[in-house]
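The values are calculated or read from the model by the stated rules, or taken from the named source; none is laboratory data. The structure presented is a predicted model; accordingly, all values stated were derived computationally and were not measured. Glycine gets a Cβ as well: all are built from the backbone with ideal geometry, and neighbour counts include every protein chain shown.
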Amino acid sequence: MHGYPKHMKIFVIISLLLLNTVYAAGDPIVGKTKAIHCISCHTIDGNSKIPIYPKLAGQHELYLIKIMKDYRDKVRDVPTMYTIAKKYFNDDNDIEDLAAHFASQKSDICIQQPQTPQVKAGRRKIESCAVCHEPDGNSTLPFFPKLAGQHKTYLIKAMQAYKNGSRQESQMSQMALLFSDDTDIENIAAYFAAQKSNTCK
């Protein structure tokens, strides 16, 4: 695992230079009116109560824009999200407004969770993850999602998808090679899920 973070830092810098001016800012007030179609899974403020669906509150606006476009364009092939994206993301303005709304919301994970043995085991495995997501999961890089306080179940599902190849993304597909087994994945997920969000209410 040692040496991999340096490679990832180079990738991150290049990515940000290439993508930094791609997206326009959305309108969070308009976005809230459009978010009515998202509430059954994510709730109106993005603090999903269903563990298999990600929390969106306080997530990076540029990351949300990218991921919604990926769903719409089938870069990330998730039938449910593709259907929603094709029906409600009529143009880039819709996506940018929704992203601005959810990015402006506050997380409901405002207390550091207990440091269980599983969380401690996960802490020992996150060296490479921290390059993009920070040691506490509060990523400062706008194209990489914040993981702090995210649902453990969702994080496990996402990492397993990268590992088995059902979800493809250049840097994460490489990173998934470091997930030696399901125990590592569960421990890493437990660690990030236990961290306090930096966008607390």
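If you go through the range 125-143 and keep only what is in contact (Cβ under 8 Å) with a residue 24 or more places away in the chain and part of a loop (DSSP other than H, G, I, E, B), you end up with LYS125, ILE126, GLU127, SER128, CYS129, ASP136, GLY137, ASN138, SER139, LEU141, PRO142, PHE143. Pairing residues of the range 95-110 that are within 22 Å of MET81 (Cα to Cα) with residues that are charged (D, E, K, R) and part of a helix (DSSP H, G or I), at Cβ distances under 7 Å and at least 6 apart in sequence or on separate chains, gives ILE95/LYS69; ASP97/LYS34; LEU98/LYS34; ALA99/GLU61; ALA100/GLU61; HIS101/LYS32; ALA103/GLU61. State which residue pairs qualify: first residue at pLDDT below 95 and inside the range 21-44, second residue surrounded by fewer than 18 Cβ atoms within 10 Å (Cβ to Cβ) and charged (D, E, K, R) in any location, beta carbons under 8 Å apart, and separation of 6 or more residues or different chains. Within 8 Å, the pairs are ALA24/ASP92; HIS37/LYS87. The set of residues from the range 68-94 being among the aliphatic types (A, V, I, L, M) and closer than 24 Å to ASN138 by Cβ comprises just one member, MET68.
The selection criterion, being within 14 Å of the chain's Cα centre (by Cα) and free of Cβ contacts under 8 Å to residues at least 24 places away in the same chain, does not hold for ASP77. Filtering the range 85-117 to residues that are part of a helix (DSSP H, G or I) and surrounded by fewer than 18 Cβ atoms within 10 Å (Cβ to Cβ) leaves LYS86, LYS87, TYR88, ASP92, ASN93, PRO117.
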